[in-house]
Every structure is written in C-alpha cells, then in structure tokens.
Amino acid sequence: MKRTYHGSCHCKAVTYEADLDLDQGTGKCNCTFCWKRRAWSFGHLEPDDFRLLSGEDALVDYGKSGDWGETHNRFCKTCGVATHGYGSIDAMGGAFFAILLPTLDDLPVDELVAAPVTYMDGLHDNWWNPPAETRHL
Ligand SMILES: [Zn+2]
C-alpha cells in the first residue's frame, strides 16, 4: 500500500514528498555512477507520486542521453546530495521516475531494511541480473 513520505537534501533547500509502496522493491546497482554515490533507489514512481515542495532553483541536473534513451539525475548545488531522477530508457520500458531512499526523512530504518532489494549488474550492462558480488552495494 502506498504511503506518503517526505524527503530532502542535506541543507534542506530541496524538499519533496513521494507516495510509494516499499513492497514493490528497492534497487541497488553496481554501475559506475550508482557505485560512486552508493545509490539505493526506489524506481516504481508514477510522475504524480513525486511532488517537489521546494528547491527547484537549487537543483542541478546531471544528465546523459544516447540512442538508449535519457536520464536526468537531480542534486542540490549547495550540499551536493542527489534526491531524485527521471528519464526514459527504452530497454526499461520507457519513462521512469526515481528517488534516492536515503533522502527520505520519515522512513523508519526497520521499514527500509524490510523492503525487498533488487540488485542490478549495471557495470556489465547486465541490468536484469544481480552481480556476482553485492555485499558492497
Ligand atoms: Zn542541499
């Protein structure tokens, strides 16, 4: 069942709320980008499930695009914390919207650790399978 959680960057310039059901599963990936920022994400959001409450002018976009689609990773220009991202990747079924779970301020740790985790071997373009090693993710 979806619940509304509240999130923010570290300096609180960026705040948002999101409706999500953690039983849908969380994601960890070993690709070069996810690993460098230790990303633990929730990517099952519909566009209406995410509402930016403040900080549009504080957000910076780190985006990439190619014949595979496009991604936009948003982070705060002051504190550097990445709060969410969106884009469209054909191989993943089109448009997506995601938040970084550590930016939720009212998610109890016991709920987070009880949520299912899907590991993705993005480092080897093997997104649909877990990598051989997941302990560092
Ligand atoms: Zn900030």
All positions within segment 1-27 that are within 22 Å of Ala115 (Cβ to Cβ), small (Gly, Ala, Ser) and within 15 Å of the ligand (Cβ to nearest atom)
Gly7, Ser8
Can you spot a residue in segment 71-81 that is surrounded by 16 or more Cβ atoms within 10 Å (Cβ to Cβ), of a type outside the set (A, V, I, L, M) and farther than 17 Å from Arg37 by Cα?
no
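Tally time: how many residues in segment 52-63 are away from the ligand (no atom under 11 Å from the Cβ) and assigned to a strand (DSSP E or B)?
Filtering segment 52-63 down to residues away from the ligand (no atom under 11 Å from the Cβ) leaves 52-53, 56-57, 61-63.
Those still in the list that are assigned to a strand (DSSP E or B) too: 52-53, 61-63.
Count: 5.
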Sort out which residues of segment 21-37 are open to solvent by 80 Å² or more (accessible area, probe 1.4 Å), in contact with a His (Cβ under 9 Å, 6 or more places away or on another chain) and under 22 Å from Glu111 (Cα atoms), and write them in order of number.
Gln24
Within segment 64-107, residues being more than 16 Å from the ligand (Cβ to nearest atom) and closer than 21 Å to Arg51 by Cβ number 12
Checked segment 13-28 for anything more than 15 Å from Ser41 (Cβ to Cβ) and either among the small types (Gly, Ala, Ser) or free of Cβ contacts under 8 Å to residues at least 60 places away in the same chain (or both); matches are Ala13, Thr15, Glu17, Asp19
Let me spell it out: the conditions are (1) open to solvent by less than 30 Å² (accessible area, probe 1.4 Å); (2) touching a helix residue (DSSP H, G or I) at 6+ places or on another chain (Cβ under 6 Å), and Trp40 meets all of them except one. Which number is the exception?
(1)
Given the criteria more than 21 Å from Val109 (Cα to Cα), in contact with a Phe, Trp or Tyr (Cβ under 8 Å, 6 or more places away or on another chain) and open to solvent by 70 Å² or more (accessible area, probe 1.4 Å), does Leu53 qualify?
yes
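Take Pro47 and tell me if it is open to solvent by less than 80 Å² (accessible area, probe 1.4 Å) and over 22 Å from Trp35 (Cα atoms).
On the way: open to solvent by less than 80 Å² (accessible area, probe 1.4 Å): no; over 22 Å from Trp35 (Cα atoms): yes.
The answer is no for Pro47.
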Return the pair list, or none, for Cβ contacts closer than 6 Å from residues in segment 61-78 that are over 13 Å from Ala98 (Cβ atoms) to residues that are outside any strand (DSSP E or B) and away from the ligand (no atom under 16 Å from the Cβ), at least 6 apart or on different chains.
Gly69/Asp90
Would you point out which residue out of Leu59, Leu52, Leu101, Leu20 is in contact with a helix residue (DSSP H, G or I) (Cβ under 8 Å, 6 or more places away or on another chain) and over 26 Å from Leu123 (Cα atoms)?
Leu20
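Hey, could you check segment 82-122 for residues that are part of a helix (DSSP H, G or I) and open to solvent by 70 Å² or more (accessible area, probe 1.4 Å) and say which is nearest to Asp21 (Cα to Cα)?
Quick first cut of segment 82-122, residues part of a helix (DSSP H, G or I) only: 90-92, 101-103, 109-114, 122.
If we keep only those that are open to solvent by 70 Å² or more (accessible area, probe 1.4 Å) too, we end up with 90-92, 102, 109-110, 113-114.
Numbers: Asp90: 24, Ala91: 23, Met92: 20, Pro102: 15, Val109: 15, Asp110: 14, Val113: 14, Ala114: 12 Å.
So the residue we want is Ala114.
The values are calculated or read from the model by the stated rules, or taken from the named source; none is laboratory data. What you are looking at is a predicted structure, and each value in this text was computed from that prediction instead of being measured. Please note: Cβ atoms are built from the backbone with ideal geometry, for glycine as well, and neighbour counts cover all protein chains shown. Each accessible area value is taken on the protein alone, full model and side chains, heavy atoms only, with ligands, DNA and RNA left out. Shrake-Rupley method; radii C 1.70, N 1.55, O 1.52, S 1.80 Å.
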